[in-house]
Structure formats: C-alpha cells, structure tokens
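Here's the structure we're looking at; comments come further down.
The values are calculated or read from the model by the stated rules, or taken from the named source; none is laboratory data. Quick caveat, the model's predicted, so the values are computed rather than measured. Ideal geometry is used to build each Cβ from the backbone, glycine not excepted, and the neighbour counts take in all protein chains shown. Accessible surface areas use protein heavy atoms only, side chains included; no ligands, DNA or RNA. Shrake-Rupley method; radii C 1.70, N 1.55, O 1.52, S 1.80 Å.
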Amino acid sequence: MELKASVKWGVVEKYLDSLLPELMAFFTTIILAIVVYFIGSRIIKFFMKTYERWAEKREIDEGVRQFLGSLVKAILYMILVFVILTLFGVTTASVVAVLGSAGLTLGLALQGSLSNFAGGVIILIMKPFKVGDYIIEDTHKNEGTVEEISLFYTKLSTRDNRSVMIPNGILANSSMTNVTSNGKRRIDLSVGISYQSDIRQAKEVLLQVVFEESACLSEEEMLVFVSNLADSSIVMGVRVWVHTEDYWQTRWRLLENIKYAFDENGIEIPYPQMDVTIRQ
C-alpha cells in the first residue's frame, strides 16, 4: 500500500512540476497584459488630450471634434485590446476569421447602432445643427440646446436642465427645427380688443410699446395690424424682429407692457362671458 501511495504521489508531483511552468507563464502573461493595458490607456488619454488641443487650435467645429474624438478613442481601444489578445497567443489570422464569421451576426444585432452611426456622419456632413444650437425634434417633440454629438447619440440640455439623448438616426431621417441657426427671429403676437374699443387708438398704443422696446431691431420692419375679426374680439397682430438670444425675454416683456398700456388707455381686452336671461 505504501508503495502504491508513493507511486501515485510521484505521478502527481511530476504532473505539478510539469504544470508549474505553464502556470507561471500564464500569470506572467496576465501581469504583462495588465501593465500593457495601464500603459496603453495612459497613452490613449495623452493622445486624446493632444488631439483636443490640436482641434482647438485649428478651430474645428465642436460637434465634429466630439464625433471624431469618440471615433478615434474607440479605434485606439480596439487596437489596445487586439495587442493584449496577441499576448495570449491569439494570432491576427484568428482575429480576422472570428470577426469575419461574426460580422453578419453583429451587423444584424447592431442595425440600430449602425444606423445611428451613419446618422451621426450625415449630421456632420450636412450640418443641420451644431453644438450650441437650440433644436426641436419634430417626431417626439424633444427640444433643447445641443451639448454633444457623439458616435450614436446627440445630447440635448432642456430649459429646465434635463439631459435628453436622441439617436442620431432619428435626427438624420426625420424632420427637425433649428431655432437658433439664424442670428435673428421674428416675434408674432396676437392681442384681442373688444369691438367697443377704437382700432386706431389700439394701433397707436401698440406701436408706442414696440418703439419703446430697445431689443426690437429698428432696421427691420415693425408691423401692427388687424389680424382677425373674431366672434367676440378684434384680434390685433404685432410683428417685430429681435436677435435670437433676446427672443423669449423680449416676447414676455412686450406682452406685459401691452397689458399695462391698454389699461392706461382704457382699451378693453375681452374674455369669455355668458349672458343669462331669466324669464318669469
């Protein structure tokens, strides 16, 4: 029995002795892979910082800079992963064969992502908007200021400081409105006055309010007109031009000042009323 036990232990000991170099080589490869990843990630970060400085000096559009930065970063990390795989004995031919056989499956599984990537390329080429523009996505009515154009998504910041991520494919393949693409916008206001009010007086009051508003562009046409004869009111229209960044503040200020001016001049703004007749 002792002889059999010693024989078995000798076999195990020989097996462990033969396995030990392989284990040491495997752990050495793991440590080397960790070191390569650490150094490689540092190099990629340094390269991306250099790219950002270069792009800023070249005054490249921020949206293009963000998109290309995301693409270059993804490619560099793919190269780093490939280098690490080669440390474990994976050959270039093996990687190409695996990628080729999995290409169709990945293409079908990532149809949406590929569509979004293609949409991002179209956005950068056609430039329907850029970083800093305020856009309205007409399909789902998402709107906000463009903060980032990445590989697959465009990030919007809403007026109440929410972040909205819209796939690039949707923005490239559906209608959208760019509110701030031009330097100036027209404000269209409609204000109702009663039929008992004097139209001429109302027009004079509205013109005075418009002329006193400093944000209105004096070189552009300012219009005050009768827009509609409605059932219970005469609808007065006001059209003025302002710089795009002044649009909302000017609009709110004009509406407030019109109400004050109408009150001071006795011009009535009608509201829904009901006359009740009681028969006895």
Legend entry - Hits in the range 124-140 (condition: of a type outside the set (Asp, Glu) and within 24 Å of Asn161 (Cα to Cα)): Pro128, Phe129, Lys130, Val131, Gly132, Tyr134, Ile135, Ile136, Thr139, His140
Inset, instruction - Please find, within the range 141-165, the residue that is surrounded by the most Cβ atoms within 10 Å (Cβ to Cβ) out of those that are among the hydrophobic types (A, V, I, L, M, F, W, C) and without any contact (Cβ under 8 Å) to a residue 40 or more places away in the chain. - result: Leu156
Legend entry - strands (runs of 3 or more DSSP E) fully within the range 139-197 counting 3 or more residues that are touching a helix residue (DSSP H, G or I) at 6+ places or on another chain (Cβ under 8 Å): 142-149, 184-193
Inset, instruction - Could you please find all residues in the range 253-268 being in contact with a helix residue (DSSP H, G or I) (Cβ under 9 Å, 6 or more places away or on another chain) and either assigned to a helix (DSSP H, G or I) or over 14 Å from Ile193 (Cα atoms) (or both)? - result: Leu254, Asn257, Ile258, Tyr260, Ala261, Phe262, Glu264
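Of all residues in the range 200-213, how many are over 46 Å from the mean Cα position of the chain (by Cα) and open to solvent by less than 100 Å² (accessible area, probe 1.4 Å)?
1
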Inset, instruction - Identify the single condition in (1) under 38 Å from the mean Cα position of the chain (by Cα); (2) open to solvent by 20 Å² or more (accessible area, probe 1.4 Å) that Cys216 does not satisfy, given that it satisfies every other one. - result: (2)
Legend entry - Selection from the range 97-124 of residues that are more than 26 Å from Ile34 (Cβ to Cβ), open to solvent by 70 Å² or more (accessible area, probe 1.4 Å) and at pLDDT below 80: Ser101, Leu104, Thr105, Leu106, Leu108, Ala109, Leu110, Gln111, Leu114
Inset, instruction - Could you grab the pairs with beta carbons closer than 9 Å, sequence gap of 6+ or different chains, first residue in the range 244-256 and in contact (Cβ under 8 Å) with a residue 60 or more places away in the chain, second one assigned to a helix (DSSP H, G or I)? - result: Leu254/Val209; Leu254/Val210
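Suppose we filter Ile193, Ile199, Ile135 for residues that are in contact with a Phe, Trp or Tyr (Cβ under 8 Å, 6 or more places away or on another chain), within 30 Å of Ile267 (Cβ to Cβ) and not hydroxyl-bearing (Ser, Thr, Tyr); which single one remains?
The conditions single out Ile193.
Please tell me if Glu52 is surrounded by fewer than 15 Cβ atoms within 10 Å (Cβ to Cβ), modelled with pLDDT under 85 and closer than 28 Å to Leu156 by Cβ.
Details: surrounded by fewer than 15 Cβ atoms within 10 Å (Cβ to Cβ): yes; modelled with pLDDT under 85: yes; closer than 28 Å to Leu156 by Cβ: yes.
Yes.
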